[in-house]
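Each remark here refers to the structure printed beneath this line.
None of the figures in this text is laboratory data; all of them are computed from the coordinates on show. Note that the structure is a prediction, hence the values are computed from the model and not measured. We place every Cβ from the backbone using ideal geometry, glycine too, and count neighbours over all the protein chains shown.
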Amino acid sequence: MTFLFNFAAYDTQKTNKLMKKTLLLCMLTAFLSLTGKAQAIYNYQVTNDEGKQVQLSQYKGKVLLIVNTATRCGFTPQYTELEALYEKYREQGLEVLDFPCNQFGEQAPGSIEEIHQFCTANFDIHFPQFDKIEVNGPNEHPLYTYLKAQKPFGGFDLNDKAGKLLDDMFKKNDPNYAQSPSIKWNFTKFLVAQDGTVVKRYEPTDKIAVIDADINALLNKKCCKKSEEMKCCKKSEGTKCCKKSEDTKCCKKN
């Protein structure tokens, strides 16, 4: 009887170990799948305003705000807000990627050279600007196919006058328009985390203060990864990541 009891206990222990290994394997597979999904954005290639090919992989480790823009739109003054965000956070790792698009009311006419000249002259932008693309339809850029799949349309801000206007306009043409993940208008934005995860989508009526807060949260989520030699220094309001030239060690934010 003792022999049979011990054998049963051993068999149960062996089964438990096997179950633990299986669970760990499943967790590892899920983690690798999610990591691969997040990294997918870096596989895309885009064309800059000089006609040169740019791999998005060069932005690994950066927080990205990807925007489809227009120069003759009611939201065009948002260029001022985008440049302000860029100047505020660029040293901490933000990149604003600007993709002019002429699909909405033909409000981005002209060549990319003309668009770039307009934006620098009127809004003094310094963030990267790319060649004109389409964001919807059969000729849409693969990057936008991916972005829309990650973050579908979430609705306009109906407390905003422009948001209510846009909602009414689209509903007249299609009462179920909100079910489509398509880009609805100029200055739709996608926020991408340092690991390539598409975190959030903003419609043109969403307040820039909300975007600012989300960017700030991402940039200050961690002081630095354990595997990095990033240096940090203390500030009066807590600790923040600093340049590698600093002589202090990595420290957690208070």
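So what's the net charge close to Gln179: Lys and Arg +1, Asp and Glu -1, counting the other residues with Cβ under 14 Å from its Cβ? Walk me through the intermediate numbers first.
On the way: positive: Lys148, Lys171, Lys184; negative: Asp167, Asp174.
Surrounding charge for Gln179 is +1.
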- Query: Taking the Cα centre of each part, how many Å lie between the stretch 39-74 and the stretch 95-109?
  - Reply: 12 Å
- the stretch 94-161: GluC sites (Glu not before Pro) falling in loop per DSSP and having at most 15 other Cβ within 10 Å: Glu106
- Item | Dimensions (Å) - the stretch 71-155, Cα atoms, principal axes, largest first | 34, 31, 23
- At 1.002 mPa s and 20 °C, Stokes D of the stretch 110-191 from Kirkwood alpha-carbon radius, µm² per second: 144 µm²/s
- Item | Net charge over other residues, Cβ less than 12 angstrom from the Cβ of Phe99 (K, R count +1; D, E count -1) | -3
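Among Lys132/Lys171; Lys161/Lys200; Lys161/Lys221; Lys60/Lys151; Lys52/Lys88, which pairs are too far apart, with a Cα-Cα distance over 30 Å? Display every interim value, and only then the final one.
Numbers: Lys132/Lys171 28 Å; Lys161/Lys200 22 Å; Lys161/Lys221 33 Å; Lys60/Lys151 20 Å; Lys52/Lys88 27 Å.
Check vs 30 Å cut-off fails for Lys161/Lys221.
Roughly what % of DSSP beta bridges within the stretch 34-189 run antiparallel, to the nearest 5?
Working: 5 of 13 bridges.
Percentage antiparallel, nearest 5: 40.
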